[in-house]
Amino acid sequence: TAVQNNLAEFYSLM
Amino acid sequence: MFEARILQGSILKKVLESIKDLVTDANFECTANGFALQAMDSSHVSLVALMLRSTGFDHYRCDRDVTMGMNLLNMSKMLKCADNDDTITMKADDAGDVVTFMFENPKADKISDFQMKLMDIDTEHLGIPDTEYEATVKMSSNEFQRICRDLSSIGDTVTIAVTKDSVKFTTSGDIGEANITCRRTSDGDMKEEKVKTEEDGEKVHNTKSSEGQNVDIDLQEPVTLTFALRYLNSFCKATSLCENVRLQLSKELPVVVQYLIEDMGYVRFYLAPKIEE
C-alpha cells in the first residue's frame with residue numbers, strides 16, 4: 001500500500 | 001497603503017476559484033514586487049504558491065509590506081459579485097483590518113465596493129529551494145484535467161512515469177486498472193503547422209491543443225512517482241487560467257504543477273508523493 005507523505009518531510013519550515 | 005487594480009477582473013476570480021477548495025484561510029503578502037500567497041492544505045500534503053507581479057496590474061501601489069489574512073471562501077463570495085469583464089481594485093490601509101474590493105463595469109457606470117474583514121492567521125511558511133527537476137512535462141491543461149478526472153473514476157492514486165518519449169498515467173482500483181500514455185509530440189508537430197486555404201493561399205496557424213496532446217518533455221532522468229488523484233483534480237480547477245500546464249518531477253520530491261497567468265505570474269501547486277510501504 002502507498003503511504004501519503006507530508007510536505008514538511010521535503011521542505012523546511014521558515 | 002496598498003492599492004492594486006486589475007483590468008481583467010476575471011483573472012482574479014479564476015485564481016480564487018482554483019485555490020479556495022484547497023486552502024481555507026491564507027495570508028496574502030503584498031509587497032512592491034506583487035501580490036503573493038503561499039499556503040498549505042489542512043492535511044499539509046499540498047501547497048499552493050501564487051504570484052501576481054505588480055507589473056501585471058493596471059495600477060499598483062504598496063507603500064509598505066502588508067500581510068492580509070483572508071478566508072478564501074469569503075473572498076470568493078465577494079469576487080463572485082464582480083462580472084467577468086469588470087475591473088477589480090483591492091485596497092487596504094497599512095494598519096487597517098479590512099480589505100476593500102471595488103468593481104467597475106466596462107462602461108464605468110456601475111461601481112460597487114465590498115469590504116471584507118481581515119483575520120490574523122498563524123501560518124507555516126515552507127522554504128522551497130530552487131531545484132533542477134529530472135523531468136519537466138508541458139502539456140495541454142485540458143488534457144491533463146481530462147486524464148486526472150477519468151482516472152479518478154477508476155482509482156484513488158495515479159502513477160506518473162516520464163520517459164524521454166512519453167508520459168504515462170496509471171491507476172488501479174476495485175473495478176480494474178487504467179493506463180493513459182501521451183507521446184511526446186515530435187518537434188515538427190509542436191511548432192506551427194501550415195495549412196492551405198483556397199482564398200488565402202498558404203497560411204500559418206498554431207496547432208490547437210484540442211487537436212492533440214502537444215506534449216513536450218524535458219528529461220534528465222526517467223522518473224516514476226505516485227500521487228493522490230484527489231489533490232491533482234483540485235489543482236485542475238486552475239485549467240481555465242492557462243492553455244498549458246507544466247509538471248515538474250524528481251525522484252522522491254513533490255511534483256510541481258504550474259499554470260502561468262498571462263503577463264502576471266503563476267499559480268503553482270506542490271503535492272507530496274506517496275511512498276510504497
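Over 19 Å apart at the Cα level, from the set B:Lys168/B:Lys251; B:Lys20/B:Lys168; B:Lys14/B:Lys117; B:Lys13/B:Lys77, are B:Lys20/B:Lys168; B:Lys14/B:Lys117.
Amide H contacts of B:Asn244: B:Ser141, each under 5 Å away and 5 or more positions distant or on a separate chain (H built 1.01 Å from N in the peptide plane; Pro and chain starts excluded).
With contributions of -39500 (n - 2.57) from each DSSP H run of at least four residues, the per-residue ellipticity at 222 nm computed over the protein assembly as shown stands at -4000 deg cm²/dmol.
If you take each beta carbon of peptide B:269-277 and count the beta carbons of other chains within 10 angstrom, what is the mean? Don't skip to the answer; put the middle values down first.
Values: counts 0, 3, 3, 8, 4, 5, 5, 3, 3.
Counting other chains' Cβ atoms within 10 Å and averaging over B:269-277 gives 4.
Across segment B:76-171, the mean sequence separation of Cα contacts (distance under 8 Å, 6 or more residues apart), normalised by length, yields a relative contact order of 15 percent.
How much net charge surrounds B:Asn74 when only other residues with a Cβ under 10 Å from its Cβ are counted (Lys, Arg +1; Asp, Glu -1)?
On the way: positive: B:Lys20, B:Lys77, B:Lys117; negative: B:Asp25.
Here the count lands on +2.
Put one equal scatterer on each alpha carbon of segment B:12-93, apply the Debye formula with no solvent term, and list log10 I(q)/I(0) at q = 0.15, 0.19, 0.25 1/Å to two decimals. Reported log10 I(q)/I(0), two decimals: -0.55, -0.89, -1.41.
When Rg and Dmax are taken over the Cα atoms of chain B, they come to 20.7, 65 Å.
Readers should treat all values here as calculations from the given coordinates under stated rules, not as data from a laboratory. The shown structure was predicted, so the numbers you read here are calculated from the model rather than taken from an experiment. Neighbour counts are summed over all protein chains in view; Cβ atoms, including those assigned to glycine, are modelled from backbone coordinates with ideal geometry.
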